2 protein chains.
Amino acid sequence: MLDPDRALDELARASKLPGVRGIYMGTNIDNHDLDDPLFEPIFTRIETLGLPVFLHPLAPIVGGSRLQPFFLNRLVAYPFDTTIAACHLIFGGVMDRHPNLLFVLPHAGGVLPNLIGRLDHGWNAIPAAKHSAQIPSAYLHRFMYDTIAHSKPMMEFIISQVGVERIMMGSDYCFAVGYDRPVEVVEQLHLSSEQRKMILGGTAAKILKI
Amino acid sequence: MLDPDRALDELARASKLPGVRGIYMGTNIDNHDLDDPLFEPIFTRIETLGLPVFLHPLAPIVGGSRLQPFFLNRLVAYPFDTTIAACHLIFGGVMDRHPNLLFVLPHAGGVLPNLIGRLDHGWNAIPAAKHSAQIPSAYLHRFMYDTIAHSKPMMEFIISQVGVERIMMGSDYCFAVGYDRPVEVVEQLHLSSEQRKMILGGTAAKILKI
């Protein structure tokens with residue numbers, strides 16, 4: 001059951017705890033997308049608190065029974081759910097209404113950086129899609145992305161699209177789809193040592209105000 | 001209602017018509033995925049006929065009500081549905097059982113080329129995902145891809161991953177998400193004139209045996 005008032009109470013409590021530097025939130029909440037008006041007061045409060053929001057798929061139902069076999073509920077439904085969340089944040093106006101909110105997208109942004117051209121084209125061509133103040137790609141810099149792409153060329157492509165300053169090392173520890181050696185993944189990318197330092201911790205320290 | 005016997009009859013009829021060079025098929029059939037055993041005799045027949053299969057999303061339900069707003073049922077659900085179809089063809093063993101079947105994936109492969117590293121990692125790490133004879137990326141060459149990525153860098157990335165010989169020009173004519181000038185899209189890619197000719201028609205002539 002959704003209870004935004006209790007969520008606001010919990011936000012007030014947790015944000016005062018020592019060491020709290022960000023908010024963790026599902027890519028959907030009980031199958032409600034993040035542009036549901038129910039969540040408006042919560043985003044307003046988080047924006048006021050100045051905390052970044054780390055999204056993660058929780059119980060994604062996207063794909064339903066079609067993604068049950070072969071572990072596709074994790075391998076495919078997770079990046080899909082993250083992408084749907086980002087679309088609702090963009091097209092649904094959350095990013096426009098809260099210009100200081102910053103979201104971290106797991107699994108290298110789902111497939112948002114890959115579909116962004118298609119989303120831009122839709123925004124230009126389809127009146128129903130022209131529902132945000134700016135073209136979708138203008139919001140790419142409102143998100144941060146981790147390194148869990150499981151592909152060096154894919155990761156380098158994403159960096160080329162969103163900028164190295166928007167990337168933070170991810171591990172996906174302790175899950176089977178995670179990296180055993182997440183630092184090595186970063187070290188193998190075609191980057192300067194300064195850029196590697198940003199990804200390995202510098203950027204995280206900045207957005208978490210450590 | 002699914003009726004594979006009538007599909008086989010229609011296949012026998014249509015494949016004899018003048019000019020028929022391929023089969024058009026949904027990425028799901030009435031919400032059944034393409035590795036459903038119901039479709040085995042149909043794929044066996046298509047393989048015997050030596051016809052390539054062009055897939056396209058038809059009534060995708062992936063994402064359900066969450067992808068209804070903002071035209072996301074086309075912008076996002078279509079590439080998702082194509083990706084789910086490719087996953088079932090690979091993990092569900094259709095590609096293994098029919099080594100001569102060739103599938104054309106619309107919209108630059110959905111997001112299959114983008115998630116392939118994650119799929120490979122899953123195949124290696126998760127027993128439930130190790131359900132095909134080879135690692136998923138080994139099947140990338142069993143698919144063809146069109147140019148409907150709506151992004152020059154994305155398209156060049158896909159070409160670098162799957163090979164220029166697997167790309168054919170797409171237009172998505174007559175849809176609003178299509179290209180007004182599909183040839184120009186190909187001309188703007190960083191390719192040799194020989195490679196452009198392949199994408200603009202040479203490769204299609206080859207697989208359609210024209």
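The values are calculated or read from the model by the stated rules, or taken from the named source; none is laboratory data. None of the values given here were measured: they were computed from a predicted structure. Glycine also receives a Cβ, built like all others from the backbone with ideal geometry; neighbour counts cover every protein chain displayed. SASA here: full protein model, heavy atoms, side chains in, ligands and nucleic acids out. Shrake-Rupley method; radii C 1.70, N 1.55, O 1.52, S 1.80 Å.
Buried on complex formation within the range B:131-151 (loss of at least 40 square angstrom of accessible surface versus the isolated chain, 1.4 Å probe, ligands and nucleic acids ignored): B:His150.
Between this copy and the others, label points of A:Leu208 are 5.5 nm apart in ascending order, each placed 7 angstrom from Cα in the Cβ direction. Taken along its principal axes, the alpha carbon cloud of the range B:117-163 reaches lengths of 37, 18, 15 Å, longest axis first. The charge dipole of the range B:1-42, taken about its Cα centre with unit charges on the Cβ of Lys, Arg, Asp and Glu (plus for the first two, minus for the last two), comes to roughly 420 debye. A probe of 1.4 angstrom, applied to the heavy atoms of all protein chains, finds A:Val62 with accessible area near 10 square angstrom.
Applied to the range A:31-38, the Karplus parametrisation 6.51 cos²θ - 1.76 cosθ + 1.60 on θ = phi - 60° returns per-residue 3J(HN,Hα) values of 6, 8, 6, 6, 8, 4, x, 3 Hz, with x for Gly and Pro.
In this Cβ point-charge picture (+1 for Lys and Arg, -1 for Asp and Glu), the range A:21-120 has a dipole of about 320 debye about its Cα centre. For the range B:89-210, the spread of Cα coordinates along the three principal axes comes to 45, 30, 29 Å, biggest extent given first. Coupling constants for the range A:21-27 follow from the phi torsions by the Karplus curve (6.51 cos²θ - 1.76 cosθ + 1.60, θ = phi - 60°), and in residue order they are 10, x, 10, 10, 9, x, 6 Hz; glycine and proline get x.
Restricting attention to chain A, lysine pairs at least eight places apart or on different chains and with alpha-carbon atoms under 27 angstrom apart total 6.
Eigenvalues of the alpha-carbon gyration tensor of the range B:1-77, scaled by 5 and square-rooted, set the equivalent ellipsoid semi-axes at 28, 14, 10 angstrom, largest first. Between this copy and the others, label points of B:Gly50 are 7.1 nm apart in ascending order, each placed 7 angstrom from Cα in the Cβ direction. Here the 3J(HN,Hα) profile of the range A:186-199, calculated from phi with Karplus coefficients 6.51, -1.76 and 1.60 at θ = phi - 60°, is 5, 5, 7, 6, 7, 9, 7, 5, 5, 5, 4, 4, 4, 5 Hz, Gly and Pro shown as x.
When B:Tyr173 is represented by a point 7 angstrom out along its Cα-to-C-beta vector, the spacings to that point in the other copies are 5.6 nm, nearest first. Heavy-atom accessible area buried between chains A and B is around 4300 Å² (1.4 Å probe, both sides summed). Normalised size of the protein assembly as shown, defined as Cα radius of gyration per 2.2 N^0.38 Å with N residues, equals 1.01. Take the convex hull of the alpha carbons in the range B:142-210; its mean projected area over all directions comes to 4.7 nm². With q set to 0.14, 0.20 Å⁻¹, the log10 of I(q)/I(0) for the range A:1-143, from the Debye formula over equal scatterers at the Cα positions, is -0.69, -1.27. Comparing the full protein assembly with the isolated chain, the residues of the range A:75-92 losing at least 20 square angstrom of accessible surface (1.4 Å probe) are A:Leu75, A:Val76, A:Pro79, A:Phe80, A:Ile84, A:Cys87, A:His88, A:Phe91. Other residues within the sphere of radius under 13 Å centred on the Cβ of A:Glu47, judged by their own Cβ, net out at +1 (K and R +1, D and E -1). Computed from point charges on the beta carbon alone (+1 for Lys and Arg, -1 for Asp and Glu), the dipole magnitude for chain B about its Cα centre is near 360 Debye. Summarising the amide proton neighbourhood of B:Met144: residues at separation of 5 or more, or on other chains, whose placed amide H is nearer than 5 Å comprise B:Phe103, B:Val104, B:Leu105. Per residue, the accessible area of the protein assembly as shown comes to 44 Å², computed with a 1.4 Å probe over protein heavy atoms only.
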